[in-house]
């Protein structure tokens, strides 16, 4: 059966290329393409290897997209590309339709077993005057490849070459793969709630820059944001508060499944976080039996941290946690569950260690790998558990010694809620001011002494929402810095250069404007008008 599928795909490709070649005989002498330079295109993150061949592929009404039709996810990737081309330049490109004489050039998205494709996200992009071919082992790799292709489609057509619109894509070869397997962004929807459509827009933007994880901070002192059917007061009570006294909000389970599905189409993994044993006031207000600090409870709308805790010695607490992890895990196909674990200042250390050990076993019971902020390394964590470094270097080193991998999220470098400078409209600066150049100019592999690339799963840029409540404010803090973090996560050190990057970043303005992103126009960047 597999051989049959491969044969059909190969015959389709050969037949299509033959037709294209015949058509090219009719048109190739009538079109004189200008010289191009693929290496000078404004691709972010920068690919591993680029070889320009100085010609052009003419994307126009005579172009069609074909994919490996019997390979899982490949037709969907082709449809996604077609939709995005339509959005960008208002050109309709058919996908896997019958070959006709009107087709002169093709884009072929091909499943390949080429040994040079080192990972599931690796891809090869070959662009000639006749065709664009994307090779990858998986639909995930193909999806990363089409993001690169999207970035090199010009905004304006060249109308002088033909009697119709044609968009010239530079020819050449690209071999590409990610530096880290995990390239994440985190969004705090607990301090201020962001609705489904806002999160979907964020997912669209993250996907364009090859970010593959969205970590959702779903609970905190100020609010509980995910429906748990077995504990309904979590949203009935805990979902109705937020910083500043707003009305809050929450995701129904259908909302959450919708977000997970939307992310999956973009090959982004959702990582849910339920923060515990601290940052738990909203849960304990909803169910006071969970409370472990002995104080009277009321909804909290401030920004102080460290005052709340679950009762680590009570069986009911673990029954509650079991239900929460079970219900969320059933809706989350990704491999991770984040338990928070930071700033639990009023939890006695022995209780904290007991708590993390018990919760780790519950997470594993439901088939997930546990992630926690670096404080969890104080416990006897399993080697499959992942520590997320944000503050304490000794905790990160302790996690490594226990066999864990690390996600790097150092607050002074990647916290998106930090202000750019003293004039920033939103954000805080308790960790640092983080201008665009400082955000980009550091090496994750060498950031922590004693922790190298083999120890690092990836990097993640958290956006805490104490000072923001709208999508426009979110975009101001996230963009353009998240774009730089995408390159730190994907591109190898030898291919990263600030002066080169700042030019490519400035040329992202047309895309950001088309997406109506209210980014911070850093004066350190020459933004393309």
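Each DSSP beta bridge with both residues in the stretch 275-420 is either parallel or antiparallel, and the antiparallel ones are about 10%. Were the residues from residue 39 through residue 425 laid out at 0.36 nm apart, the gain over their Cα-Cα distance would be 135.3 nm. P(r) for the chain: what percent of alpha-carbon pairs falls in each 20 Å bin, starting at zero? Computed distribution, short to long bins: 22, 51, 24, 4, 0.
Under the rule a/c < 1.5 gives rounded, and otherwise a/b versus b/c splits prolate from oblate, where does the stretch 347-475 land using the Cα gyration tensor? Since a/c reaches 1.5 and a/b is larger than b/c, the shape of the stretch 347-475 is classed as prolate. Between residue 252 and residue 305, take the C-beta separation as r, use R0 = 41 Å, and let me know the FRET efficiency to the nearest 0.05. Calculated transfer efficiency: 0.90. Please tell me the relative contact order of the stretch 182-514 in percent, rounded to the nearest whole number, where contacts are Cα pairs under 8 Å and at least six residues apart. Contact order relative to length: 16 percent. The fewest-to-most ranking of 490, 224 by surrounding Cβ atoms within 10 Å reads 490, 224.
Our estimate of slack between residue 88 and residue 316, defined as 0.36 nm per intervening residue step minus the Cα-Cα distance, is 76.7 nm.
Each of 481, 326 has some number of other Cβ atoms within 10 Å of its Cβ, and from fewest to most they run 326, 481. By the beta-carbon count within 10 Å of each Cβ, the least crowded to most crowded order of 496, 350, fewest first, is 350, 496.
Taking a spot 7 Å from the Cα of residue 524 along the direction of its beta carbon, which residues of the stretch 402-419 have an amide N less than 19 Å from it? Counting backbone N atoms under 19 Å from the label point, the list is 409-419. Pairing the Cα long axis of helix 196-208 with the longest principal axis of the chain, what angle in degrees results, from 0 to 90 and rounded to the nearest 10? It is inclined by approximately 50 degrees. When Rg and the Kirkwood Rh are both derived from Cα coordinates, the Rg/Rh ratio for the stretch 210-310 amounts to 1.02.
Per-residue counts of other Cβ atoms within 10 Å, averaged by peptide: what ranking do you get for 400-410, 247-257, highest first?
Numbers: 400-410: 20.3, 247-257: 17.2.
Packing proxy ranking, top to bottom: 400-410, 247-257.
FRET efficiency for the pair residue 114 and residue 472, taken as 1/(1 + (r/R0)^6) with r the Cβ-Cβ distance and R0 = 41 Å, rounds to 0.40.
Counting only alpha carbon atoms, the long axis of helix 349-365 and the longest principal axis of the chain meet at about 40°.
Computed from the C-beta positions of residue 331 and residue 158 and an R0 of 51 Å, the FRET efficiency is 0.60 to the nearest 0.05. As a length-normalised measure over Cα pairs under 8 Å and 6 or more apart, the relative contact order of the stretch 196-315 settles at 30 percent.
Shape class of the stretch 287-397 from the alpha-carbon gyration tensor: oblate, with a/c at 1.5 or above and b/c at least as large as a/b. Taking a ≥ b ≥ c as the square roots of the eigenvalues of the alpha-carbon gyration tensor, the stretch 67-114 is classed oblate because a/c is 1.5 or more while a/b is no larger than b/c. Roughly what % of DSSP beta bridges within the chain run antiparallel, to the nearest 5? For the chain, the DSSP antiparallel bridge percentage is about 30.
May I ask for the angle, rounded to the nearest 10°, between helix 2-27 and the longest principal axis of the chain, with both axes built from Cα atoms and the value confined to 0 to 90°? Once rounded, the angle reads 50 degrees.
Each value in this text was obtained by applying a stated rule to the coordinates, not by laboratory testing. Keep in mind it's a predicted model, so treat the numbers as computed, not measured. All Cβ positions, even for glycine, are placed from backbone atoms using ideal geometry, and neighbour counts span all protein chains on display.
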